[in-house]
Amino acid sequence: MDEIRLFVENFLNDEVTEDEVTEFAIELPERLIMEESHLEEESPQANAILQKELPDICESWEPGNSIEDFKARIKDVCSRAVLEY
């Protein structure tokens, strides 16, 4: 969970361009897949939230969308997952 958390925190705390958001939106679901068994071991409830919601949010990203709204949606899901951790 720490690797995913750090990746997301860095994204949320940095000023990012649309291209960087696009890269993040591609990379985050890939990282979730790679870390799924580890996340499941640590917290099945948190993993379920992350695996169910984050890929859909990332898939919905399109250049021209609000970066701040995208970040807020990512932050909301991650905050709820942390509560289950």
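Mind listing whichever residues of segment 65-85 are among the aliphatic types (A, V, I, L, M) and open to solvent by 50 Å² or more (accessible area, probe 1.4 Å)? Across segment 65-85, the qualifying residues are A72, V82, L83.
If you go through segment 46-64 and pick out every residue that is surrounded by 12 or more Cβ atoms within 10 Å (Cβ to Cβ) and either in contact (Cβ under 8 Å) with a residue 40 or more places away in the chain or touching a strand residue (DSSP E or B) at 6+ places or on another chain (Cβ under 9 Å) (or both), you end up with 3. Selection over segment 1-25 of residues that are exposed (fewer than 12 other Cβ atoms within 10 Å of the Cβ) and either over 21 Å from S37 (Cα atoms) or within 11 Å of the chain's Cα centre (by Cα) (or both) gives a count of 7.
The values are calculated or read from the model by the stated rules, or taken from the named source; none is laboratory data. Bear in mind that the values here come from a model prediction, so they are computed numbers and not experimental data. Because the Cβ atoms are built from the backbone with ideal geometry, glycine has one as well, and the counts that use them run over all protein chains shown. Heads up: the accessible areas ignore ligands, DNA and RNA and are worked out on the full protein's heavy atoms, side chains in. Shrake-Rupley method; radii C 1.70, N 1.55, O 1.52, S 1.80 Å.
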